[in-house]
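Quick notes on the structure that follows.
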Amino acid sequence: MIIVFKPEASEQDIEHLVDRLRSLGLRSQISRGEERIVVGVIGDERVLQGQPLSVFPGVESVTPILAPWKMVSREFQKQDSVIDIGGVQVGGNRVVVMAGPCAVEKLEITVGIAQSVARSGARILRGGAYKPRTSPYSFQGLGQEGLEFLTAARKETGLPVVSEILDARDLGYFLEHADVIQIGARNMQNFELLKEVGSYDKPVLLKRGLSATIKEFLLSAEYIMSRGNQNVMLCERGIRTFESHYRNTLDLTAIPALQELTHLPVIVDPSHATGKWNLVAPMAKAAVAAGADGLLIEVHSDPECALCDGEESLKPSRFHDLMLDLQKVARAVGRDM
Ligand code: PEP
Ligand code: MN
C-alpha cells in the first residue's frame, strides 16, 4: 500500500500514521520528495481492510498494492483448480456442460430430461428444488422432494447433480442429495450462507450477483475458501444493465478477466443471462470461444408447460444440436468436450 501525504501534512501527522501501522504489525518506508511525503507499507496489507486510513490527518491518497483476496488469487495458486464432481473434472481441458430443467417438477419429467441431456453429452444435471422467485405467488419449488427426484435421476443416468440452496437450515439435505451446491445470484452476498457452505468440502457453484462487480464476486468466493472449502466454481450469469430487451447482459469479458485473477473454474450460464431460448445457443458458443470451463444450460422437454423459466429453456432437440456445435467451437480453441 502506498500512502501519499498532502503538502501541508506535518511531521506529527506522519508519525501518527506510522504508529498506527506499527500497532498493526506493519513497517513503513518513508520517502521525502520535494513536493510530497510518501509512505510505503511493508507487510501483509490485508490487515488494513476496513481501516479508514484516508481519514487520518494529512493523508491525500491511499493506494492498495495487493488484491483484497488471497486464496482465490492466481498468485496464491498458479495452476488452474480442477474440481472433481463424482468423477467429472471441472477446470481441466475439457469443457463441461451442466444441463437440466430450471425447476425440478414431476419425477418422470425430471428423469426424462436427465436422460435426454445425458444422451446429448451433458455431464452434470441441473435442477432447482428450492426456487428463489421474484413473486411469492410463483412456483417455489418442490423442496426436499425435489432433491429426492434429483437423486433418482442421478441413479438412472449416472449424472452428478447441482441444485441451489436458499437456506442454511437445509444444508443437511444438500450434503446428502446434491453433488454440487449452487449459491444463486440473489445469495452471492449472503455471507452467513457462504460461511456455512465453506465449512464442508462439497463443491460449490457460486453465481455472480445481479449487480456484483468482479471484486465483490471474488470476495464472496474468498468467504467460502477461507472457511476451508477449496472446491469453488464461479458462474457468470449476466448482470443487470440499462438494456431491457433481454433478461440480463452476459458479461463475456468476465471470463478472461476472472481467469487472469483467479485459479477457480469459470462457468457461464447463457440461459439466465439472456432469458430467451433463441439467444442461448449463440451466447453458449461465444462463452466457450472466450475460454469458459463449463456451461449451465436450462433444458425442458415441454417449455410451454414448464413451471419456471420456460421462455429461456431449450427443447432437447435444440440442446442436442447446440452440443454438436459446441464441440466444434471447443476444438477450435484447443479444448475437448
Ligand atoms: C438458477 O440457476 O436456477 C437461478 C435461479 O439462477 P440465478 O441465481 O443466476 O438467477
Ligand atoms: Mn431458471
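Spot the failing condition for SER138; the list is (1) within 13 Å of ligand 1 (Cβ to nearest atom); (2) within 20 Å of ILE297 (Cβ to Cβ), and only one is missed.
For SER138, the failing item is (2).
List the pairs whose first member sits in segment 264-277 and is within 25 Å of VAL72 (Cβ to Cβ), whose second member is open to solvent by 10 Å² or more (accessible area, probe 1.4 Å) and in a helix (DSSP H, G or I), and whose Cβ atoms are under 7 Å apart, counting only residues at least 6 apart or on separate chains?
Every condition considered, the pairs that remain are VAL266/GLN259; PRO270/MET283; ALA273/MET283.
Would you mind stating whether GLN89 is under 19 Å from LEU206 (Cα atoms) and free of Cβ contacts under 8 Å to residues at least 40 places away in the same chain?
yes
Look at segment 239-292 and say how many of its residues are open to solvent by 20 Å² or more (accessible area, probe 1.4 Å) and aliphatic (A, V, I, L, M).
Residues that pass the stated criteria total 11.
In segment 300-319, what residues are away from ligand 1 (no atom under 16 Å from the Cβ) and farther than 13 Å from ALA114 by Cα?
ASP302, GLU304, CYS305, SER317, ARG318
Within 16 Å of ligand 2 (Cβ to nearest atom) and surrounded by fewer than 19 Cβ atoms within 10 Å (Cβ to Cβ): which single residue out of LEU175, LEU171, LEU210, LEU205 fits that description?
Details: LEU175 fails: within 16 Å of ligand 2 (Cβ to nearest atom); LEU171 fails: within 16 Å of ligand 2 (Cβ to nearest atom); LEU205 fails: surrounded by fewer than 19 Cβ atoms within 10 Å (Cβ to Cβ).
Exactly one of LEU175, LEU171, LEU210, LEU205 is within 16 Å of ligand 2 (Cβ to nearest atom) and surrounded by fewer than 19 Cβ atoms within 10 Å (Cβ to Cβ), namely LEU210.
Of the residues in segment 126-161, how many are small (Gly, Ala, Ser), buried (at least 17 other Cβ atoms within 10 Å of the Cβ) and over 21 Å from ASP269 (Cβ atoms)?
Final tally of qualifying residues: 0.
The values are calculated or read from the model by the stated rules, or taken from the named source; none is laboratory data. Because the structure is predicted, anything quoted here is derived from the model rather than measured. Heads up, the Cβs are rebuilt from the backbone with ideal geometry, glycines too, and the neighbour counts pull from every protein chain shown. What goes into the accessible areas is simple: the full protein's heavy atoms, side chains included, and nothing from ligands, DNA or RNA. Shrake-Rupley method; radii C 1.70, N 1.55, O 1.52, S 1.80 Å.
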